[in-house]
Structures are given as structure tokens and as C-alpha cells.
Amino acid sequence: MAGVDGEYDCITKSPLGEQKSVFSVKSDGNSFTGQNVSPMGTLDVIDGKVDGNKLTWKMEMKVPMPMTLDCSATIDGDTFNGTVGAGAFGSFPMTGTRK
């Protein structure tokens, strides 16, 4: 669904403080690809799924420690609200505004 496509300026509130990034979404039917680019590195979207205005995906974080992040977000116009699940470390809020 092209309504979710774009680049979003994001903030994730993690235990390391607010992490700024740019999250890109390119949908293709019920799936999407993209990246989350931050000063800590670039994380590729893995297994991105689109269900209306809801996105779910995974990312393989390398820094500060290797782990799989389970993510979800709901797009509302040019903004989204979501969570980044970091296993035993819990879930952190992620918000974004389309550029």
C-alpha cells in the first residue's frame, strides 16, 4: 500500500537515551523493504509486512550488542507510532514523521 511509503524522521526512546534515525519504507503489496539509518549504523528491514496502515518487521542490531529487534508501527497520515522490542530489555516507543 503506497500510503505507507516514504522516509520518516524517527525517535526511539531507548535505555541509551533518545535515538534519532531515518526509517525508509517501500511497500510491495503486503510486504515492504527499507532501512533504519542512525549514527549507530544502518539496519535493514527483515520480513517487513503491511496490513492496511500497520507495519511489522525485524532488524538485526549489531551495536552495542547483537540482537534481533521485533518492531511494529501504525501509520496515521504523515506520522507513525510504534514499538521496538529488544528481547529481555523490553519494548521502547518509536515515533516518526514523514519527510
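Just so you know, all these numbers are worked out from the coordinates, no wet-lab data involved. Every value quoted in this text rests on a predicted model; they were computed, and no experiment measured them. Please note: Cβ atoms are built from the backbone with ideal geometry, for glycine as well, and neighbour counts cover all protein chains shown.
Taking all pairs of different Cα atoms in region 1-44, averaging 1/r and flipping that mean, what Kirkwood radius in angstroms comes out?
Kirkwood hydrodynamic radius for region 1-44: 11.2 Å.
Quick one: net charge of G34's neighbours, Cβ under 10 Å, K/R +1, D/E -1?
Value of the local net charge: -2.
Per 0.36 nm of contour for each residue apart, how much would the distance between I11 and D28 grow if the chain were fully extended, relative to their Cα-Cα spacing? Show your work: numbers first, answer last.
On the way: separation 17, 0.36 × 17 = 6.12 nm, distance 2.52 nm.
Net length gain for the segment: 3.6 nm.
Let me check I've understood the local charge: for D76, count other residues with C-beta under 14 angstrom from its C-beta, Lys and Arg +1, Asp and Glu -1. What total comes out?
Overall, the nearby charge balance is +1.
Need one number: convex hull volume per residue for the chain, Cα atoms only, in Å³.
79 Å³
If we count every other residue with Cβ under 13 angstrom of K58's Cβ, Lys/Arg +1 and Asp/Glu -1, where does the sum land?
For residues surrounding K58, the net value is -3.
Using 0.36 nm times the number of residues separating E18 and V63, minus their current alpha carbon distance, what extension gain do you get?
14.7 nm
Modelled label-to-label distance, D76 and D51, 7 Å Cα→beta-carbon offset: nm?
Taking the simple label geometry, D76 and D51 are separated by 1.9 nm.
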